[in-house]
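One structure is given here, and the rest of the page talks about it.
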Amino acid sequence: MLEVQNISVSIDGKPILETFSLTVNAGEVVAVTGPSGCGKSTLLRVIAGFQRVERGVIWFDGHDVRALAPHRRQFGMVFQDGQLFPHLNVEKNVSYGLRAAGVDTRTAREQVEHMLSFVGLGGYQGRDVTTLSGGEARRVALARTLILRPRLLLLDEPLTGLDAALHDQLQDDLVTMLSGMNIPTLLVTHDPREASTIAHRTVSLSLPYGDSHGRGTSSR
């Protein structure tokens, strides 16, 4: 279980999150919604270890992870733009973390094949990532993260910018994939309908009374 307790974060002296708390249970998908500037993406970066937390505690499986480097937390984060390596093909993008961890070539290829089939891209190993559609690129980014079997999955607006038909297709596929993985997942989205479709529970961050920091309410 992920437990965020009363965290506060400021960037360049500007409060972004203040005494914010959140829990994500085993196998649960929780969506965080709210307007731009309320701290949604900052929350993910703090949990992943890319942004320093000023006050509060971040627990995972009963351990405080604040002092751990991002790679030691073993959390997987999919950024909004995917951040694929343009000079590597689909297979090498997806296997990048495996190869860095010393997994042998044959095993890595087998795992990539399985993961690409899981995300609906079977046979795409040799494709140039610069030729992929927006939805295909998002699936590759998701496969690259999932293949490392993260303890926690962090999704930063994974469906933003897709046309309506592709958005709805990938949204439905994401629901199926998340239900089959049983990985606790925190999803950031600006779309309440998307949140209610994908997540078991929604946390709404807001900017009350003109405040510049995020405060949250939770609903099912």
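Summary of computed values
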item: Total charge dipole magnitude, region 37-163, about the Cα centre, Cβ charges on Lys, Arg, Asp, Glu only, Debye to nearest 20; result: 400
item: The chain - charge dipole about Cα centre, Lys and Arg +1 at Cβ, Asp and Glu -1, debye rounded to 20; result: 560
item: Cα-based shape type of region 1-86, given that a ≥ b ≥ c are square roots of the gyration tensor eigenvalues and the cut on a/c is 1.5; result: rounded
item: Cα-centre dipole for region 145-206 with unit charges at Cβ (Lys and Arg positive, Asp and Glu negative), debye to 20; result: 400
item: Rounded percent of accessible protein surface that carbon and sulfur make up, the chain, 1.4 Å probe; result: 48
item: Neighbour-limited loop hits for trypsin sites (Lys or Arg not before Pro), region 130-206 (at most 16 other Cβ within 10 Å; DSSP other than H, G, I, E, B); result: Arg151
item: Region 58-183 shape via C-alpha gyration tensor axes, a/c threshold 1.5; result: oblate
item: Helix axis angle, 164-181 relative to the chain longest principal axis, alpha carbon, degrees; result: 90
item: Rounded to 10°, Cα long-axis angle of helix 105-118 versus longest principal axis of the chain; result: 70
item: Cα gyration tensor category, rounded, prolate or oblate, for region 52-113 with a/c compared to 1.5; result: prolate
item: Estimated 222 nm signal from helices in the chain, with DSSP H stretches of n ≥ 4 weighted -39500 (n - 2.57), rounded to 500; result: -10000 deg cm²/dmol
item: Full-stretch length increase - Glu110, Thr23 - with 0.36 nm per residue and alpha-carbon distance subtracted; result: 27.8 nm
item: Relative contact order computed over the chain (Cα-Cα under 8 Å; 6+ residues apart), in percent; result: 31
item: Beta bridge orientation in the chain: antiparallel %, DSSP, nearest 5; result: 55
item: Hypothetical label at Asn182: residues of region 1-33 whose amide nitrogen lies under 11 Å (7 Å Cα-Cβ projection); result: 27
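The values are calculated or read from the model by the stated rules, or taken from the named source; none is laboratory data. Model, not experiment: these values are computed from the prediction. For neighbour counting, all protein chains shown are included, and Cβ atoms are generated from backbone atoms with ideal geometry for every residue, glycine included. Please note that ligands, DNA and RNA were not included when accessible areas were found on the heavy atoms of the full protein model with its side chains. Shrake-Rupley method; radii C 1.70, N 1.55, O 1.52, S 1.80 Å.
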